[in-house]
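The values are calculated or read from the model by the stated rules, or taken from the named source; none is laboratory data. Since this is a predicted model, take the numbers as computed values, not measurements. Glycine also receives a Cβ, built like all others from the backbone with ideal geometry; neighbour counts cover every protein chain displayed. In case anyone asks, the SASA skips ligands and DNA or RNA and just uses the protein heavy atoms, side chains included. Shrake-Rupley method; radii C 1.70, N 1.55, O 1.52, S 1.80 Å.
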Amino acid sequence: MKISFENIRQAAKNIGNYALRLSEKIRRISLRVWLYVGAGILLLSGGLYWLLRPAPPGPDLPIVEVEPVVTDDVKIYGEYVGRIRAQQFVEIRARVEGFLEKMLFDEGTYVKKGQPLFIIDPKQYQARANKAKAQLNKNKALALKAERDLERIRPLYQQNAASQLDLDNAIASYESAKAEVEMSEADLTQAETALGYTTVSSPISGYISERNVDIGTLVGPGGQSLLATVVKSDTVRVDFSMTGLDYLKSKARNVNLGQKDTTRTWEPYITITLPDNSPYPQRGIVDFADPQVDPQTGTFSVRAEMPNPEHILLPGQFTKVRLLLDVREAAVVVPNKAIAIEKGGAYIFVVRADSIAERRMVELGPEVGNNVIIERGLVPHENIVVEGFHKLTHGDKVIPSTYRAEQEDHSKN
């Protein structure tokens, strides 16, 4: 089909005529109808605005960080200053007088029980022992003669060939000779014991100190008697002091220091710190507590035994002692930062299920690290405010947040 200029002009003419007729019809509509139409448009616009309007802003609620109340088995420790003491500390002394001839050990080394350490000049003690032995042999011979004399007199007396006086004299001589033998035996034992003391041996196994005397020195009762010391330190003892208040607290928890209690699943033990502030790997068990308090210091002595197989711990050394005083099972534990203190006591904000913050008074127990045991006032699984409670009052509605706790859980995983 061909479109010509004439066709376009005819179509435009037709559209113009249609528009004139339409405008004529519109002019015939009354003013009242236009008013109704305008009112409808306004009502429709107002309804749409009411339905689609943005919600009015509500009051700004505080955002607080909350954590659930947890229970845990909490170990309670006390810290004290202790001193390490050898399990055995023996002084080696000269028991007889004489000049020191020999030293049979290397200073600072390990010696065994019964090992000879020093030799004191034995000549005079050997001579006394020889003399006592000879006297004993002499007295034994006299006793044998007296016994034989008695054996000869007794049958003669029965045959009335010897008098009663002869028999009594023979018996007396025999009894006296036996007594002399016993005295000589005692003298010989004493002399041999003194001779044995000229060899000074170690009474225990342990490490020996340096010698306190030089070779050739007169030692013994009339001279220097302390020759050296031997220390047995495979196991050491740690002594420390506790206050009377500590004792009362331990009794309140039914913990008797120094006594074994089979009803408990744990025993009071200690750990100590080395001079470089590193922890010593072994534990010590408390085996003694003094039954009385020193009135001058208000403390009582406590002792624990500590294994020392590598001899790292030296007797006389001071150390920090950490003592397990109690184990609180299933204790309610909260962070320190969640607690507020005032004159009336301590309180914590608890967020209820309806997001209302409740100001709760609590009774505090022992402090363990960054946490505190709550004796009364909280139950497990309640949500407490740990951040932002300073801007709260009792009954405030809050927005609880556990973002930080969730972040920590993610970091652990």
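Summary of computed values
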quantity	calculated
Ordering of 186-195, 151-160 by burial proxy (mean other Cβ atoms within 10 Å per residue, highest first)	186-195, 151-160
Residues Glu151 and Leu104, FRET efficiency given R0 of 45 Å [Cβ-Cβ distance, rounded to 0.05]	0.30
Computed Rg/Rh of the stretch 193-347, alpha carbon atoms with Kirkwood Rh	1.16
Candidate residues Ser202, Ser176: accessible-area rank, largest first, probe 1.4 Å	Ser176, Ser202
Rounded FRET efficiency, nearest 0.05, which uses the C-beta distance separating Glu375 from Asp60 and R0 of 60 Å	0.95
Segment Leu165-Asp354, length gained on full extension (0.36 nm per residue, minus Cα span)	55.7 nm
Fully extended contour minus Cα-Cα distance, from Phe318 to Ala172, at 0.36 nm per residue	45.6 nm
Relative contact order (percent, whole number), the stretch 272-413, Cα cutoff 8 Å, 6+ residue spacing	17 percent
Solvent-accessible surface (1.4 angstrom probe) belonging to Tyr207, in square angstrom, nearest 10	90 Å²
For the stretch 89-216, size of Cβ-based charge dipole, Lys and Arg +1, Asp and Glu -1, in debye	300 debye
Förster-model FRET efficiency, 51 Å R0, Glu329 and Thr393, C-beta, rounded to 0.05	0.90
Rounded Å value of the spacing that divides the Cα centres of the stretch 120-177 and the stretch 180-207	27 Å
Rounded accessible area of Phe389 (nearest 10 Å², 1.4 Å probe)	10 Å²
Distance from the stretch 65-116 to the stretch 284-309 (C-alpha centre basis), Å	15 Å
